[in-house]
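Worksheet: one structure, shown below.
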Amino acid sequence: MAKQKLTPLAVAKNLLEIYGKALPIDVAGITKAQGITIRMEELEDSVSGLLVIKANLITVGVNKSHHPNRQRFTIAHELGHFLLHGQETKIFVDDGPVVLFRNLASSEGTQRQEIEANIFAAALLMPEDIIREQLALQPIDAFDDMSVKHLAGQFGVSVRAITIRLTKLGLLDDW
């Protein structure tokens, strides 16, 4: 019987159970604890980051010119690629380095791996239960830029990321 692959949400929840949910989530610490090196690199502006897997060396490269919130999401996204898709890299020839790029096209979430890595990153950085707790303690008005910005700041993510997460969780409908 084939081993069932865990969903991006399940993988993120497992990590949060192990490493805790103190805000903002220490995504760099979690990534390093998984044996992954993080390197801040000069990359083209359209490239947020990349994952390089070569033998037992796993490296996440992050665009050092991007905003720290963008960098956090990139690290989470690339960690998601490693945890969710790392075994799929065996299909590449000669066991050479496998590089998965994070760029503008991938942010649109049109490929299965990109969609899964985005779901993982959002669930890791913005756990649903913590979002609900925060909203119960301090409801926000989706049309009040400052309240949305404050919520995003608590999670260490961009306003766009928290807005997308709230929308996908169906929490904007409640306002």
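The values are calculated or read from the model by the stated rules, or taken from the named source; none is laboratory data. Just so it is clear, the structure is predicted and the values come from calculations on it, not from any experiment. Backbone-built Cβ (ideal geometry, glycine too); neighbour counts: all protein chains shown.
Worth a mention:
- Segment 144-168, residues that are part of a loop (DSSP other than H, G, I, E, B) and surrounded by 15 or more Cβ atoms within 10 Å (Cβ to Cβ): GLY156, VAL157, SER158
- Residues that are of a type in the set (D, E, K, R) and surrounded by 15 or more Cβ atoms within 10 Å (Cβ to Cβ) were ranked within segment 114-143; the one that is farthest from ALA76 (Cα to Cα) is GLU128.
- Of note, ALA12 satisfies the criterion of being touching a residue at least 40 places away in the same chain (Cβ under 8 Å) and either farther than 21 Å from GLU116 by Cα or not β-branched (Val, Ile, Thr) (or both).
- Number of residues in segment 15-50 that are in a helix (DSSP H, G or I), surrounded by 12 or more Cβ atoms within 10 Å (Cβ to Cβ) and over 14 Å from the mean Cα position of the chain (by Cα): the value is 3.
One line per residue, one yes/no per condition, for (1) in contact with an Asp or Glu (Cβ under 6 Å, 6 or more places away or on another chain); (2) over 15 Å from ALA76 (Cβ atoms); (3) in the same structural domain as ILE75 (by TED's automatic domain parsing):
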position	(1), (2), (3)
LEU23	no, no, yes
ALA28	no, no, yes
GLY35	no, yes, yes
GLY49	yes, no, yes
VAL52	no, yes, yes
ALA55	no, yes, yes
SER65	no, yes, yes
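- Qualifying residue in segment 48-60 (condition: modelled with pLDDT of 95 or more and among the charged types (D, E, K, R)): no
- Restricted to segment 108-147, and to residues there that are of a type in the set (A, V, I, L, M, F, W, C) and farther than 30 Å from HIS85 by Cα, the residue that is modelled with the lowest pLDDT is ALA142.
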